[in-house]
Amino acid sequence: MKIVIVSDIHANLAALEALPEREFDQLWCIGDLVDYGPRPHEVVKWVNRTSTVTVRGNHDNAAGFSVDPMCSPSFKRLAAETLRFTQEVCTEDDFAFLRALPEHYEIETDSTRFYLVHACPTDPLFGYCPEHSDRWVEEVARIDADVLIVGHTHTPFIRSIGKTTIVNPGSLGQPKTGRPLACYAVWEDGTISLKEYPYPLRETAEQIRLMPISNNDQDALISVLETGALPTEGH
């Protein structure tokens, strides 16, 4: 059994279409299909067509229900500007799909129990819990799973606590690793691995230049993709 796990695509269609895995049994998406990137409608369609399981992220929730995605201060402006764009170009079918996504999903495959959630079990949409946080001890105590798969932080990691392995595949569409490489994970026959790959970043950058947002915001979005770092102050 081979499962490809992607998260935080953020409307980066060029990165998604460059995914090197072409053969797999299932594809799981850990949320945040939209915002920040230039092709939200196409990404929602791709995920709807391809993913076996998808859970709702805070940006999916914001687009579907017209609410605040509750981003960190450094991303608050970019989130607000690109949410408006997302809501202009996506269809009602897209929003219905996003609204219908579950906040968490439990599945058993090959005698392995998985718990999928965008952020963390006690705060599925917004809880920010990086790799070395002590909070994970409490989080895994709340669930009964062999593998807890999360996203949200845009940084990949694998960490074991007790009987539970926590896996964050990182962000496919806006990685915060200090490298301009799309991130994902693969679970195959009981082994989990973190992977990354180059994609046509210039294509995404050119599409960002066509988005109806300010030049400064375009610059910030492209800089995040090129550097894998936070945007400049004020965004």
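Take the chain, connect every pair of alpha-carbon atoms lying under 10 Å apart with a spring to form a Gaussian network, then pick out the residue of Val89, Val43, Val150 with the largest mean-square fluctuation.
Maximum fluctuation in the GNM of the chain, among the listed residues, is at Val89.
Would you calculate the convex hull of the Cα atoms in segment 2-227 and tell me its volume per residue in Å³?
107 Å³
Relative to the longest principal Cα axis of the chain, at what angle does helix 215-227 sit, 0 to 90 degrees, rounded to 10?
Helix 215-227 sits at roughly 40 degrees to that axis.
So which aspartates and glutamates pass the test for Lys195, namely a Cα distance under 14 Å, with those fewer than 8 places away in the same chain ruled out?
Glu21
Determine the calculated [θ] at 222 nm for the chain from helices alone, applying -39500 (n - 2.57) to every DSSP H run no shorter than 4 residues and normalising by the residue count; nearest 500 deg cm²/dmol.
-9500 deg cm²/dmol
Cut-off 10 angstrom, C-alpha nodes, Gaussian network model of the chain. Which of Tyr184, Tyr36, Tyr105 fluctuates the most?
Taking springs between Cα atoms under 10 Å, the residue moving most is Tyr105.
Find out how many positive minus negative residues lie around Thr50, taking Lys and Arg as positive, Asp and Glu as negative, among other residues whose Cβ is under 14 Å from that of Thr50.
Cβ neighbours under 14 Å give a net charge of -2.
Where a number appears in this text, it was derived from the coordinates with a stated rule and is not lab data. These figures come from a predicted structure and were not determined experimentally. Glycine gets a Cβ as well: all are built from the backbone with ideal geometry, and neighbour counts include every protein chain shown.
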